[in-house]
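> Have a look at this one before I ask anything.
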Amino acid sequence: MSTDRTTTTTTTTTGAPRDRALTVGQVADELGVTVRTLHHYDGIGLVSPSERSAAGYRLYTEADLQRLTTVVVYRRLGFPLEEIRALLGASGAQLEGHLRRQRAAVVGRLSELHDLVDAIDAAIEKESTGMGISRQEQRELFGDRFADHEQEWSAEAQERWGETDAWKQSRDRTSSYGKEDWVAIKADMDAVNDGLAAALGSGEPATSEAAMDAAEAHRRHIERWFYDVPYAMHRGLGDLYVADERFTQTYEDVAPGLARFTRDAIHANADRHEATGA
């Protein structure tokens, strides 16, 4: 009998090699199971080593390995050991029928797992957007441009205002919003923008009562859904709508010239508040 680092080759009485044989430890490494598992399979008579070395170590032959590999595969598919024993001893017709039933069960489990993965992916996406809705739902509500750039804008906003009370207040509120809330927010936002666009379309200046009232509705929309907006802060937001082309485009998409008109109406409304104290 000759031995190398990983295998033992048994021989017949004529000295011709019979086949490769592995020790318990070598089989455990090769198949990715524990020695304890192999001892258990041996103990219950499911798969037992067929050979012994000169030193008395039990050895698994190629036939043993083939049977053991089948057992390992079935176990990883979730088959109970008694079912595996029946499978190994079944006739051809019995085996095929049993395997077909098991295949149907495994396919069913795979379908359930795929559904679970989809649900987890959807949860991850909603968490990553920070809005509690998926990217597709963002597209449906706010359009492709918003959905494509939301993460970029959110990261930039956090970098610029992440330490402010307004940012923390907004994150606290929006973290609990679901799709119904965002639908309501979108409807409210559209109504505000329509009011601003109507004031612009009327031909009256941004200092008119209609324009200032629309600007006040804009401020209250933000306070209702996101964070407190003192008039000085509202002035800063109005300036941003003109200074940052991304915000400008959002208003220009509603009506040409609306970004600058909104900024001017916001300032006029803040002036009115300071003058009247109302």
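> Being closer than 30 Å to residue 108 by Cβ, at pLDDT 90 or above and out of contact with any Gly (no Cβ under 7 Å at 6 or more places or on another chain) narrows it down to one residue among 34, 70, 61, 23; which is it?
34
> Suppose we filter the stretch 70-87 for residues that are without any contact (Cβ under 8 Å) to a residue 24 or more places away in the chain and among the hydrophobic types (A, V, I, L, M, F, W, C); how many remain? Steps first, please.
Within the stretch 70-87, the subset without any contact (Cβ under 8 Å) to a residue 24 or more places away in the chain is 70, 73-76, 79-80, 82-83, 86-87.
Add one more test, that the residue is among the hydrophobic types (A, V, I, L, M, F, W, C), and what stays is 73, 79, 86-87.
Residues in the stretch 70-87 being without any contact (Cβ under 8 Å) to a residue 24 or more places away in the chain and among the hydrophobic types (A, V, I, L, M, F, W, C): 4 in total.
> Of all residues in the stretch 17-52, how many are buried (at least 17 other Cβ atoms within 10 Å of the Cβ) and part of a strand (DSSP E or B)?
The number of residues fulfilling the criteria is 4.
> Could you check how many residues of the stretch 227-278 are of a type in the set (D, E, K, R), more than 23 Å from residue 202 (Cβ to Cβ), assigned to a helix (DSSP H, G or I) and without any contact (Cβ under 8 Å) to a residue 24 or more places away in the chain?
1
> So is residue 273 under 19 Å from residue 195 (Cα atoms) and either surrounded by fewer than 19 Cβ atoms within 10 Å (Cβ to Cβ) or of a type outside the set (Asp, Glu) (or both) or not? Even if it seems obvious, please write down each step before you answer.
Working: under 19 Å from residue 195 (Cα atoms): no; either surrounded by fewer than 19 Cβ atoms within 10 Å (Cβ to Cβ) or of a type outside the set (Asp, Glu) (or both): yes.
Spelling it out, it is not the case that residue 273 is under 19 Å from residue 195 (Cα atoms) and either surrounded by fewer than 19 Cβ atoms within 10 Å (Cβ to Cβ) or of a type outside the set (Asp, Glu) (or both).
> List the pairs whose first member sits in the stretch 47-67 and is over 16 Å from residue 30 (Cα atoms), whose second member is at pLDDT below 90 and in a loop (DSSP other than H, G, I, E, B), and whose Cβ atoms are under 6 Å apart, counting only residues at least 6 apart or on separate chains?
54/1
> Next question. Starting from residues that are within 27 Å of the chain's Cα centre (by Cα) and of a type in the set (Val, Ile, Thr), keep the ones in the stretch 161-214 and report whichever is modelled with the lowest pLDDT.
The selected residue is 174.
> Tally time: how many residues in the stretch 58-78 are aromatic (Phe, Trp, Tyr) and either surrounded by fewer than 15 Cβ atoms within 10 Å (Cβ to Cβ) or in the same structural domain as residue 102 (by TED's automatic domain parsing) (or both)?
Selection size over the stretch 58-78: 0.
Here is a yes/no grid of residues against (1) under 36 Å from the mean Cα position of the chain (by Cα); (2) in the same structural domain as residue 193 (by TED's automatic domain parsing); (3) surrounded by fewer than 18 Cβ atoms within 10 Å (Cβ to Cβ):
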site	(1), (2), (3)
216	no, yes, no
224	yes, yes, yes
228	yes, yes, yes
241	yes, yes, no
260	no, yes, yes
266	no, yes, no
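The values are calculated or read from the model by the stated rules, or taken from the named source; none is laboratory data. Not measured: the values here are computed from a predicted model. So basically every Cβ, Gly included, is an ideal-geometry build from the backbone, and we count neighbours across all protein chains shown.
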